[in-house]
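Structure record follows, encoded as structure tokens.
The values are calculated or read from the model by the stated rules, or taken from the named source; none is laboratory data. If you're wondering where the values come from, they're calculated on a predicted model, not measured in any experiment. Methodologically, a virtual Cβ is constructed for each residue, glycine included, from the backbone with ideal geometry; neighbour enumeration extends over all protein chains shown. The area values use the complete protein model at the heavy-atom level, side chains included, leaving out ligands, DNA and RNA. Shrake-Rupley method; radii C 1.70, N 1.55, O 1.52, S 1.80 Å.
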Amino acid sequence: MSTVLDLANAIFPDIKETVADLEKRYPKRNLVDGAEVTRFAPSPTGFLHTGSLFTSLVGQKVANQSGGIFYIRLEDTDTKREISGSGESLIEQMKVFGVVNDEGYFGSYEKGDYGPYIQSKRADIYKIVIKDLLLRGRAYPCFCTKEELDSLRKTQEENKVIPGYYGEYARCRNLSLDEQIRLIQEGKPYVIRFRSLGNHENKIEANDLVRGHLELSENDQDIVIYKSDGLPTYHFAHLVDDHFMRTTIVSRGEEWLPSLPIHLELFNSMGWEAPKYAHVPVIMKMDNGVRRKLSKRKDSEAACSFFLQDGYPVYALKQYLFTIANSNYEEWQIQNKDLKLEDFKFTFAKMSLDGALFDIDKLRYFSKELLSSYSGEKMKEEAKKWAKQYCEELYNLIISDEEYFAKIMNIEKDKENPRKDYEKYSEILNKVKFFYNQYYLDMMTQPLPWNPNMDKEVIKNVLNDFASTTNFDKVNEQEWFAGLKELAARHHFAENNKAFKANKDLYLGHIGDVAEMVRIALTSSKQSPNIYYVLNILGLEEVKNRIALAISKL
Ligand code: GLU
């Protein structure tokens, strides 16, 4: 009669190391009290999803603020879904968002004492643990074919019982050891299943750092832990890796919450203490009044790269994601404008419980606030970096004269309440075009938005007077504006709207009409930043040229 040892050796003849050896190879980490070891465990299946960025930010934050370790592990056991090269590019994209790990997988290399950090390189480690389970009768080979499993599912559906491989339905769990060994030696394909001792009618208690105390049905499924390709399933790799990498908090998407009973039973079966768990919300969006998960295929905002391309600053997106992470973050940031994200104390308990709703308006708000806080010089640098990658036209404009562009970006930046002109870098080009002659001349070939009720002769006289008397380059804004009022008065325009309304018969209009004429002449549009700054950036000669051109178009 065969023994479990025969079975274990029939399956893994070359595996000689034991779990005890692994415990020695990966000793407990020597960290200060309260230091948390967290990880981000992406699968190399595509671009960096906004939800994954969110999860990784949380992992990084928790480790950093506790003086712990944040590491990255590449979960590449699902070879069918793998997209070659996407592991490296995930790391590159995370770097852009400042998510840099202390240890683990870095794309082109790995660093740390708890590796390898790429699951496909850990095959032997999993085998050691599976061998241990086989030896204790807690795992067994399953020879059921796909057809057999399909037909099992059908029967279960028809009989309205819980689907899966468990209890009386787990056919292979009762094969004798002799039979198992014989089938293996015959070369019959198999997977290895965990032998569950649970009963789904029992309740177990668990704690989730986000959700608090939970009561869940015990696991009774004999889940697959080892696939026929020689690699473990997610569940088993999670057990082994998070144990031997000495993770203290597993923060992962809430889609894993239903699997928690499986994971707790796995840890239990090894006599290992399970890590703390935090199941973080999935990011949702409103679609025609219905909340749904951000979809990789349908929603451009599911890819982090979308926000970069669209010109949102990285930091604003991170701030925005923190409003999802912690309900008190936004208020904290508003009250502590000078403090940075790094200063914020994150707590799992303040995370929203059900799917967090993506709110682009909030992102816009943070982005606008952030960009308005940048000096002209900083804005130039940041816009240049963005444009270099995403907008050649703007890039060329910036590098044609960096000082000039910085001046444009600096408009009303030195004031106490700096202007909030831009929400994202992609808006800059259209808003600054008029400063550049190659665009301005072209814009002036279009019909100009003059006030139709204003006599063309009056406009001409005002503009001529303006060109010959303006002294913006010699005086401050108030003095310049006082001069503009005098000019207005000379041409029968009231010094403000109120005065005009009180005495309409006396005036042709008010100061606003005069400013509008100048604005249209200089920018071809009724909207522009503060005209005093525009004048100073353009310079006297250019102002005169533009006014002459505008007059010729009347
Ligand atoms: N590779 C898993 C995923 O991408 C990781 C889940 C986890 O963090 O444990 O969903």
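Please give the Cα centre distance for region 517-541 versus region 357-420, rounded to the nearest Å.
After rounding, the separation between the Cα centres reads 20 Å.
Calculate, for residue 31 and residue 441, the FRET efficiency according to 1/(1 + (r/R0)^6) with r their C-beta to C-beta distance and R0 51 Å; round to the nearest 0.05.
0.20
Just subtract the alpha-carbon distance of residue 296 and residue 476 from 0.36 nm times their residue separation and send over the number in nm, one decimal.
Net length gain for the segment: 59.5 nm.
Looking at 449, 470, 483, which one has the Cα that reaches farthest to the positive end of the dipole of region 357-503 (charges on Cβ: Lys, Arg +1; Asp, Glu -1)?
Highest projection toward the positive end goes to 449.
Please identify every one of the GluC sites (Glu not before Pro) in region 208-290 that sits in a loop by DSSP and has no more than 12 other beta carbons within 10 Å of its own beta carbon.
273
Run the Debye formula on the Cα coordinates of region 117-236, all scatterers equal and no solvent, and tell me log10 I(q)/I(0) at q = 0.18, 0.22 1/Å.
-1.08, -1.32
So, in Å, what gap is there between the alpha-carbon centers of region 437-455 and region 60-138?
So the two Cα centres are separated by 60 Å.
As a test, work out the antiparallel percent of DSSP beta bridges whose residues both lie in region 35-119, rounded to the nearest 5.
Just about 20 percent of them are antiparallel.
Which distance in nm do the two modelled labels at residue 375 and residue 2 give, with both placed 7 Å along the Cα-to-Cβ direction?
7.6
Note the direction-averaged projected area, equal to a quarter of the hull surface, for the Cα convex hull of region 359-452, in nm².
For region 359-452, the mean projected area of the Cα convex hull comes to 7.8 nm².
Relative contact order of the chain: what whole-number percent is it, with Cα pairs under 8 angstrom and at least 6 residues apart?
11 percent.
On each of the three principal axes of the Cα atoms of the chain, give max minus min coordinate, whole Å, ordered largest first.
114, 51, 40
Run lengths n ≥ 4 of DSSP H only: what is the helix-derived mean residue ellipticity at 222 nm for the chain, with -39500 (n - 2.57) per run over all residues, to the nearest 500?
-13500 deg cm²/dmol
Full extension from residue 148 to residue 136: what is 0.36 nm times the residue separation minus their Cα-Cα distance, to one decimal in nm?
1.6 nm
Report the antiparallel proportion of the DSSP beta bridges in the chain as a percent, rounded to a multiple of 5.
55
Projecting each Cα onto the charge dipole of region 5-91 (Lys/Arg +1, Asp/Glu -1 at the beta carbon, about the Cα centre), which of 44, 91, 66 comes out farthest on the positive side?
66
Which stretch or stretches of region 147-175 have amide N atoms under 18 Å from the point lying 7 Å from residue 228's Cα along the Cα→Cβ direction?
Within reach of a label on residue 228: 147-153, 165, 171-173.
So how do 516, 541 rank on accessible area, 1.4 Å probe, biggest first, that is with the largest at the start?
Heavy-atom accessible area, descending, gives 541, 516.
Once the piece of chain linking residue 195 and residue 393 is laid out straight, how much longer is it, given 0.36 nm per residue of separation minus the C-alpha distance between them?
Residue separation times 0.36 nm, minus the Cα-Cα distance, leaves 65.0 nm.
Once you put a point 7 Å from the Cα of residue 155 and another 7 Å from the Cα of residue 309, both along the Cβ direction, what distance in nm separates them?
Calculated label separation equals 5.0 nm.
Can you give the accessible area of residue 331 in Å² (nearest 10), computed on protein heavy atoms with a 1.4 Å probe?
120
Out of the total accessible area of the chain (probe 1.4 Å, heavy atoms of protein only), what percent is carbon and sulfur?
Roughly 49 percent of what the probe reaches on the chain is carbon or sulfur.
Can you give the accessible area of residue 153, probe radius 1.4 Å, in Å² rounded to 10?
That residue has around 120 Å² of solvent-accessible surface.
Pop the C-beta distance of residue 552 and residue 527 into the FRET formula with R0 = 30 Å and round what comes out to the nearest 0.05.
0.85
Given charges of +1 on the Cβ of Lys and Arg and -1 on the Cβ of Asp and Glu, with all other atoms neutral, how large is the dipole of region 219-335 about its Cα centre, in debye to the nearest 20?
The calculated dipole for region 219-335 is roughly 340 debye.
Might you tell me the accessible area per residue for region 17-75, computed with a 1.4 Å probe and given in Å²?
37
Which FRET efficiency value, to the nearest 0.05, do you get for residue 339 and residue 540 by plugging their Cβ-Cβ distance into 1/(1 + (r/R0)^6) with R0 = 45 Å?
Efficiency at R0 = 45 Å is approximately 0.55.
Leaving out same-chain residues fewer than 8 places away, which lysines sit with a Cα under 17 Å from that of residue 285?
293, 296, 298, 362
What fraction, in whole percent, of alpha-carbon pairs in region 201-353 exceed 21 Å separation?
60
Find the centroid of the Cα atoms in region 143-162 and in region 279-350, then give the distance between the two in whole Å.
42
What is the packing order of peptides 179-188, 274-283, 420-429, taking the mean over residues of other C-beta atoms within 10 Å and listing the highest first?
274-283, 420-429, 179-188
Per the Cauchy relation, a quarter of the hull surface: what is the mean projected area of the convex hull of the alpha carbons in region 423-496, in nm²?
7.4
Pull the list of the chain cysteines that no other Cys approaches to under 4.7 Å, Cβ to Cβ.
144, 304, 391
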